[in-house]
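Below is one structure; the comments refer to it alone.
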Amino acid sequence: MSLLVKSVRDVVSALGRLPGIGPKSAIRLAFYLLNTPDSFVEELARSLVAIKKETKICRQCFSVSDEDMCSLCQDEKRNERQILVVESTMDVLAIEKVGSYNGLYHVLGGVINPLEHIGPDDIKIVELIDRLKLLVEENKDKIELVLATSLTMEGEATALYIKNRIDRSGALRDLVSISRIGSGLPMGADLGYADEATLSRALSGRRKL
Ligand SMILES: [Zn+2]
């Protein structure tokens, strides 16, 4: 590494901080970029800057968006009283690709994970409860909440925590029916990486909590 010139070393060190990129891959990618046409590197650099500057987080579902409110939340044809709770926008994209779900989403931005010091207040749980309360105030029709956090220990604990929060709220308990995706997804599975058939099975096979 010390034999590398500084500009290459900087790129290797930055790429090496990306998930799934080890030191060897970082060096290979840096040399690939060095030998690739200027136009491609410039396009890559521009798009990397833009991803931070031009993306917003939807104020209702916290999914990545290019407006204050994402296109799904703005879509009047979607059922706003069915909310699928997921960990990340990647999960939203995976489920939208299957195409069988017509409700809205709520992106938590992670799961409760005491080992990594991520508590309930570090993800969008309060925002979810507030969103449900607003819906209940609008009218007393039932709301269906599908907890689709991953089937890991942390994902299960997060689902249980949300269910308990709702059960403890007199305003919500009787109007929110809660189910958990499950059958079809292997234990420990991450939603964003599941194939379409598996996701479709997991969605239709949800069980009441
Ligand atoms: Zn949204």
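Just so you know, all these numbers are worked out from the coordinates, no wet-lab data involved. Here the structure is a predicted model, which is why all the values come from computation and not from measurement. Cβ sites come from the backbone with ideal geometry, for glycine too, and all protein chains shown count toward neighbours.
Modelled label-to-label distance, Lys56 and Glu96, 7 Å Cα→beta-carbon offset: nm?
1.6
Take Val126 and Ser169, extend 7 Å from each Cα along the Cα→Cβ direction, and tell me the distance between the two endpoints in nm.
With each label point 7 Å from Cα toward Cβ, the separation is 1.3 nm.
Which loop-located trypsin sites (Lys or Arg not before Pro) does the range 106-160 contain, where loop means any DSSP state but H, G, I, E or B and the Cβ has at most 16 other Cβ atoms within 10 Å?
Lys140, Lys142
Would you please classify the overall shape of the range 6-53 from the alpha carbon gyration tensor, given that a ≥ b ≥ c denote the square roots of the eigenvalues, rounded means a/c under 1.5, and beyond that prolate means a/b larger than b/c while oblate covers the rest?
Note, shape of the range 6-53 comes out oblate.
Assign one of three labels to the range 96-141, namely rounded, prolate or oblate, based on the Cα gyration tensor with a ≥ b ≥ c the square roots of its eigenvalues; rounded applies when a/c is under 1.5, prolate when it is not and a/b is larger than b/c, and oblate otherwise.
oblate
What area, in nm² and to one decimal, does the C-alpha convex hull of the range 1-127 cast on average over all directions?
Over all viewing directions, the range 1-127 projects a mean Cα-hull area of 11.2 nm².
For Lys56, list the aspartates and glutamates whose Cα falls under 15 Å from its own Cα; do not include residues on the same chain fewer than 8 positions away.
Asp66, Glu67, Asp68
Considering the options Ser47, Tyr32, Gly16, tell which one lies farthest towards the positive end of the dipole of the range 6-53, charges being +1 on Lys and Arg and -1 on Asp and Glu at the Cβ, about the Cα centre.
Value: Gly16.
Going by amide H atoms built from the backbone, whose H comes under 5 Å of the H on Gly103, apart from near neighbours?
Under 5 Å from the amide H of Gly103 lie the amide H atoms of Asn79, each far enough along the sequence or on another chain.
What full-extension length gain, to one decimal in nm, is calculated for Leu18 and Asp68 as 0.36 nm per residue of separation minus the Cα-Cα distance?
Gain on extension, Leu18 to Asp68, equals 15.2 nm.
Counting only C-alpha contacts under 8 Å and six or more residues apart, can you give the relative contact order of the chain as a whole percent? Kindly include the intermediate steps, with their values, before the conclusion.
Values: 288 pairs, mean separation 31.6, N = 209.
The value is 15 percent.
Only counting other Cβ atoms within 10 Å, I'd like Leu108, Leu34, Leu203 sorted with the fewest neighbours first.
Leu34, Leu203, Leu108
By counting other Cβ atoms within 10 Å of each Cβ, how are Thr149, Thr89 ranked from fewest to most?
Ranked by crowding around the Cβ, least crowded first: Thr89, Thr149.
Farthest toward the dipole's positive end in the chain, which of Leu93, Ile166, Ser63, given Cβ charges of +1 (Lys, Arg) and -1 (Asp, Glu) about the Cα centre?
Farthest towards the positive end: Ile166.
Please list 3J(HN,Hα) in residue order for the range 62-70, calculated via the Karplus relation 6.51 cos²θ - 1.76 cosθ + 1.60 where θ = phi - 60°; whole Hz, with x for glycine and proline.
Coupling constants for the range 62-70: 6, 7, 5, 8, 9, 10, 4, 10, 6 Hz.
Residues with beta-carbon under 12 Å from that of Glu116, excluding Glu116: net charge, scoring Lys, Arg +1 and Asp, Glu -1?
That works out to -2.
Just want the ordering: Glu96, Glu76, Glu127, from fewest to most Cβ atoms lying within 10 Å of their own Cβ.
Glu76, Glu96, Glu127
With a sphere of radius 13 Å drawn around the Cβ of Phe31, what net charge do the other residues whose Cβ falls strictly inside it have (Lys, Arg +1; Asp, Glu -1)?
Charge balance near Phe31 sits at +3.
How long is the range 59-208 along each principal axis, judged by its Cα atoms, biggest number first, in Å?
Between the extreme Cα coordinates on each principal axis of the range 59-208 lie 37, 35, 31 Å.
Explain nothing, just the number: dipole magnitude of the chain about its Cα centre with +1 on each Lys and Arg Cβ and -1 on each Asp and Glu Cβ, in debye rounded to the nearest 20.
440
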